[in-house]
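Each remark here refers to the structure printed beneath this line.
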Amino acid sequence: MPLTPYLLLGAPAGGDANPIAMFLPLILIFIVFYFFIIRPQKKKESTRKKMIEAIVKGDRIVTIGGIHGTINQIDETSVLVQVDNNTKLRIERSALTSVAGKE
C-alpha cells in the first residue's frame, strides 16, 4: 500500500488556539527574567549608590581599576584620592567600587 495518499493528507487542521495559552510561556519567561536578573541588579545598584553618597574624608577606597587610596577631598562628581605620601589622583565617584572604612 503506497504512503503517498497519507502524506498528501497532512496534519489535521486544529481549532482556534487560545491566545492566552499562546502567550503564557512568554509571560512566564518575562516574570522569571525580572525576578532573577532585573530586580537583583536594581538592588545592587541602589546599594552602590548609597555607598558612594556616604563616603567621607579619610575613608579607604578601591577604584574600578584596582587603585587603593584614602579620600582627601570630596566634590560633587569627583573625589581626590591620596594614593601615597605625595601622590594624589582625582577620580570620578562612579569609578569607586568599595569603601573599606576609616584609615
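FYI, it's all coordinate maths here, none of it is from the lab. Since the structure is predicted, the reported quantities are computational estimates derived from the model, not experimental observations. Here the Cβ is made from the backbone with ideal geometry for all residues, glycine too, and neighbour counts use every protein chain on show.
Across the stretch 20-102, C-alpha contacts under 8 Å between residues 6 or more apart give a mean separation that, scaled by the residue count, equals a relative contact order of 25 percent.
When the Cα positions of 21, 87, 72 are compared along the charge dipole of the stretch 20-102, 21 comes out farthest toward the positive end, with charges on each C-beta of Lys, Arg, Asp and Glu. For the stretch 20-102, the alpha-carbon radius of gyration amounts to 1.63 times the rule-of-thumb value 2.2 N^0.38 Å expected for a compact globular protein.
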